[in-house]
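Input: a single structure, listed below in structure tokens.
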Amino acid sequence: MLRIMIVLSLLVSLTAIGVQADGTPATNTVELRFCYEDKALEPYYRGQGAVVPKDYPGATIDHLAQLVAQVPGLRLQLERRPWKRCLARLQSGDIDAVVASYRPEREAIGQYPLRDGKPDPNRAFSEHHTCLVKKPDSPWRWDGERVSGIDSLVVARPLGYAPLVVPGPKQVTMHYTLSGTMDLELLQAGRIHAVTTLCQVAGQPVISSVISERGLQVLQPPLHSNTGYLLFSKQFYQRHPDQANALWQQLQINKAVPVYRTYLKLHFLEPVAENSTQ
């Protein structure tokens, strides 16, 4: 499996400089400029800032490199920016694609893979689940359907992330911060009631070591599931519909489950018990 991951990372480098997998220079290539967040989001993206890691850049990047390698004449170019900046550049056509969840308003700035006017789940890029995290001594509870034991719940989320619906409390406030680390610090200090975390990827429940080391509690079952789509800019899709559709077609057969599970082994602990809902 390590050998496979090294090959995938090499594919990222080759496509970024316009060289095909067989070592010959790429000619008549179409450049796919992909933008992703400049903060680490394991297992999808690794590293901080504008630099793309040479080794193990993240499951999303390796997955995308696999897809691009199967489309003749397509070259991958990566750039990292704040998430809102990625979306703005997608709208302007300065970049060509992002991986993003579906929101109706985003149809105005990009092209989703649609079927009967709705996002096609068969051509989705990824799916993950989000769980609430609290301090173990907090009195409120999550039973899988609603939160009880608290009337006003404050949940911290990184800036740019979508607000979440939390059934139960009379009032739910999203407190946006600059990073996931800041979220955890606020939670430990008692200034908020909860944060959210990735808790299931590729069908496997997981817990981040950053959370377990702080003695915080991940509440199962998940609060929210999120499907990511390869969202193209309107400009790229109009210029290169064949390449865009070829990538979406690849996603019907290549979900890269081994890639995601390899990254999970590197960055996550044992699966969370399904009955951990206190």
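Computed from the coordinates by the stated procedures, all read-outs in this text should not be read as laboratory data. This is a predicted model, so every value here is computed, not measured. We place every Cβ from the backbone using ideal geometry, glycine too, and count neighbours over all the protein chains shown.
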Legend entry - FRET efficiency, TYR176 to HIS224 (Cβ-Cβ, R0 25 Å, nearest 0.05): 0.90
Inset, instruction - Note the listed values [x] 54, 41, 37; [y] 45, 45, 43; [z] 62, 40, 31, then indicate which one is Cα extents along the principal axes in Å calculated from this particular structure. - result: [z]
Inset, instruction - Mind listing the long-range amide H neighbours of GLN111? Cut-off is under 5 Å, sequence gap 5 or more, other chains count too, H placed in the peptide plane at 1.01 Å from N. - result: PHE232, SER233, LYS234
Legend entry - Zone residues, region 114-143, relative to ASN254, backbone N less than 16 Å from point 7 Å out along Cα-to-Cβ: 123-126
Inset, instruction - Describe numerically, in nm with one decimal, the distance between label points set 7 Å from Cα along Cα→Cβ at GLN238 and at ASP151. - result: 5.4 nm
Inset, instruction - Work out which helices of the chain, taken as complete DSSP H runs, extend at least 20 Å along their axis over the Cα atoms and score a mean Kyte-Doolittle of 0.0 or more, then list them. - result: 2-16
Legend entry - Theoretical gain in end-to-end length, GLU79 to ALA108 [0.36 nm per residue, Cα-Cα removed]: 8.2 nm
Legend entry - Calculated SAXS-style log₁₀ I(q)/I(0) at q = 0.25 Å⁻¹ - region 127-225, Debye, Cα scatterers: -1.63
Legend entry - Modelled FRET efficiency - R0 30 Å, ASP55 with THR29, Cβ distances, 0.05 increments: 0.75
Legend entry - Mean ellipticity per residue at 222 nm, deg cm²/dmol - from DSSP H runs of n ≥ 4 across the chain, formula -39500 (n - 2.57): -8500 deg cm²/dmol
Inset, instruction - Could you work out the longest stretch of the chain that avoids the GluC sites (Glu not before Pro) located in DSSP loops with at most 16 other Cβ atoms within 10 Å? - result: 1-144
